[in-house]
Protein chains: 2
Amino acid sequence: MKFPHRFRDPAWAQLALTHRSAGKPNNERLEFLGDALLGAIIAELLYEVHPKASEGELSRLRAQLVNGNALAVVARELELGDELKLGPGELKSGGFRRDSILADAFEALVAAVYEDAGFDPCRSLVRDLFGERVAALRRSSKDAKTRLQEHLQSGGWPLPQYELVASHGEDHAKTFDVTCRITEPVELVAEATAGSRRAAEQDAAETVLGQLLELARES
Amino acid sequence: MKFPHRFRDPAWAQLALTHRSAGKPNNERLEFLGDALLGAIIAELLYEVHPKASEGELSRLRAQLVNGNALAVVARELELGDELKLGPGELKSGGFRRDSILADAFEALVAAVYEDAGFDPCRSLVRDLFGERVAALRRSSKDAKTRLQEHLQSGGWPLPQYELVASHGEDHAKTFDVTCRITEPVELVAEATAGSRRAAEQDAAETVLGQLLELARES
């Protein structure tokens, strides 16, 4: 294993590498904590690196970095696979669940570092592992409405509906409240306010897209 | 405002309290970061306080603490309302969006403390604010399958389907892999492994319920 932290208490690493198929205690609870820590540390990194990105865009970028496939890639680079403690069933059935098992173990290891050494070492480790990935992730050149539309079309779902809810202010400084609503694959509504109707639609679409990708990450 | 942190740089507090209706820069990006930090700090607190809770149960407990309504209650206790910087439209329309605006400002303030003073002061503040709330939150006496069923029925959605995917091992130490699948309000599948089919069903139901509540929190 090439994991870049030397544990003071190796029991944390062992727990993080124990899949539920091997019985209890296993890494499921640590994975919950690690997922949350990873989410926060990557949020901070994106917040710094993309000072102009909207909330929805930050959320979408994070979902690209923190999902089962992407984390399994990190886990493979760290060669976590050989260290996993699996039950006999998983050992036999082998490959097909491998990605999610690796991703979960990586998240659990992030929490294990936190428990072993505290926030700063945990944060440094995550930033070292993700710094280049974050830099490589470009903000999309397509606008959010286009990306949302393409995402919905790829799943065969209905297109989003935009609605102007209200406008405020004098003509020279008007703001527009717009909602973006989708019904499938899940019902979501986001509202945004901006200085033009089009800009508010873009912001609302970005938020909906971010939530959709976040949901895909969780399920 | 009774917010228990004295900012070295008050610009962070001002940014956190500026709603998007007041123009840019506003608190939307800080809210993204604050939501993530809050999620991680509350995850750690629940992990400590409930050493026996499963991942799904931890997730469900967190969703009860970190949602728009619950955070608006905290924000009111801290008297954030009077300090909010709103645009003219929001000032006139008043009440009805107030809860989400307050909750967002609270999340943004959590991130503002992080930026102003670092992780430890931010963590202490959140733990002080949520310690009693966490203690008051009891683990439900109803089992997870019952709670999931009740939740789905309350929305008029179809009941979950449980499926035994595989069993492993010798008779005296058998483990069961079970999936829990729902189709509405969103399609979700969770898999769990346990020493009995019933226990695996409970764990899978808990995970699905946690994801559903998490989704409700985000949208």
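The values are calculated or read from the model by the stated rules, or taken from the named source; none is laboratory data. Note that the coordinates shown come from a computational prediction; the quantities given were computed from them, not determined experimentally. Heads up, the Cβs are rebuilt from the backbone with ideal geometry, glycines too, and the neighbour counts pull from every protein chain shown.
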From the list B:56, B:34, pick out the single residue that is within 25 Å of residue B:117 (Cα to Cα), of a type outside the set (A, V, I, L, M, F, W, C) and crowded, with 22+ Cβ neighbours inside 10 Å. B:34
Return yes or no: is residue A:57 at the interface with chain B (Cβ under 9 Å from one of its Cβ atoms) and in contact with a helix residue (DSSP H, G or I) (Cβ under 8 Å, 6 or more places away or on another chain)? no
Taking region B:204-219 as the search range and keeping residues that are touching a strand residue (DSSP E or B) at 6+ places or on another chain (Cβ under 9 Å) and facing chain A (nearest Cβ under 8 Å), which one is farthest from residue A:20 (Cα to Cα)? B:219
I'm checking my understanding of the structure. Among residues of region A:119-149 that are in a helix (DSSP H, G or I), within 20 Å of the chain's Cα centre (by Cα) and not hydrophobic (A, V, I, L, M, F, W, C), which one is nearest to residue B:44 (Cα to Cα)? A:123
Condition first: within 26 Å of residue B:123 (Cβ to Cβ), crowded, with 21+ Cβ neighbours inside 10 Å, away from every other protein chain (no Cβ under 12 Å) and under 19 Å from the mean Cα position of the chain (by Cα). Can you find one or more residues in region A:61-72 that meet it? yes
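Touching a residue at least 60 places away in the same chain (Cβ under 8 Å), within 9 Å of another protein chain (Cβ to nearest Cβ) and either surrounded by 24 or more Cβ atoms within 10 Å (Cβ to Cβ) or touching a His at 6+ places or on another chain (Cβ under 7 Å) (or both) - does that describe any residue in region A:7-16? Show your work before the answer.
Our first condition is that a residue be touching a residue at least 60 places away in the same chain (Cβ under 8 Å); within region A:7-16, this holds for A:7-9, A:12-16.
Among the residues that remain, those that are also within 9 Å of another protein chain (Cβ to nearest Cβ) are: none.
Looking through region A:7-16, none of the residues is touching a residue at least 60 places away in the same chain (Cβ under 8 Å), within 9 Å of another protein chain (Cβ to nearest Cβ) and either surrounded by 24 or more Cβ atoms within 10 Å (Cβ to Cβ) or touching a His at 6+ places or on another chain (Cβ under 7 Å) (or both).
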Just one listed residue, out of B:58, B:125, B:129, B:109, is in contact with a Gly (Cβ under 9 Å, 6 or more places away or on another chain) and farther than 23 Å from residue A:207 by Cβ, and it is B:58
Spot the failing condition for residue B:173; the list is (1) at pLDDT 90 or above; (2) farther than 30 Å from residue B:10 by Cβ, and only one is missed. (1)
Region B:120-160, residues that are free of Cβ contacts under 8 Å to residues at least 24 places away in the same chain and within 14 Å of chain A (Cβ to nearest Cβ): B:120, B:124, B:156
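With respect to residue B:36, determine if the residue is at the interface with chain A (Cβ under 8 Å from one of its Cβ atoms) and in a helix (DSSP H, G or I).
Details: at the interface with chain A (Cβ under 8 Å from one of its Cβ atoms): yes; in a helix (DSSP H, G or I): yes.
So residue B:36 passes the test.
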Within the group A:201, A:163, which residue is under 25 Å from residue B:88 (Cβ atoms), more than 14 Å from every other protein chain (Cβ to nearest Cβ), buried (at least 18 other Cβ atoms within 10 Å of the Cβ) and modelled with pLDDT of 85 or more? A:201
Report every pair of residues separated by at least 6 positions or lying on different chains whose Cβ atoms are under 6 Å apart, first residue within region A:170-197 and at the interface with another protein chain (Cβ under 8 Å from one of its Cβ atoms) and within 15 Å of residue A:56 (Cα to Cα), second of a type in the set (Gly, Ala, Ser) and in a loop (DSSP other than H, G, I, E, B). A:188/B:219
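Yes/no matrix, rows are residues, columns are (1) within 30 Å of residue B:111 (Cα to Cα); (2) touching a residue at least 24 places away in the same chain (Cβ under 8 Å); (3) within 20 Å of the chain's Cα centre (by Cα):
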| site | (1), (2), (3) |
| --- | --- |
| A:18 | no, yes, no |
| A:24 | no, no, no |
| A:38 | yes, yes, yes |
| A:47 | yes, no, yes |
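Could you tell me which residue of region B:173-189 is surrounded by the fewest Cβ atoms within 10 Å (Cβ to Cβ), considering only residues that are under 18 Å from residue A:23 (Cα atoms) and not aromatic (Phe, Trp, Tyr)? Before you say what the answer is, go through the steps one by one.
So in region B:173-189, the residues under 18 Å from residue A:23 (Cα atoms) come out as B:173-179.
The next check asks that each one be not aromatic (Phe, Trp, Tyr); those that pass are B:173-175, B:177-179.
Numbers: B:173: 11, B:174: 13, B:175: 23, B:177: 24, B:178: 25, B:179: 18.
That would be B:173.
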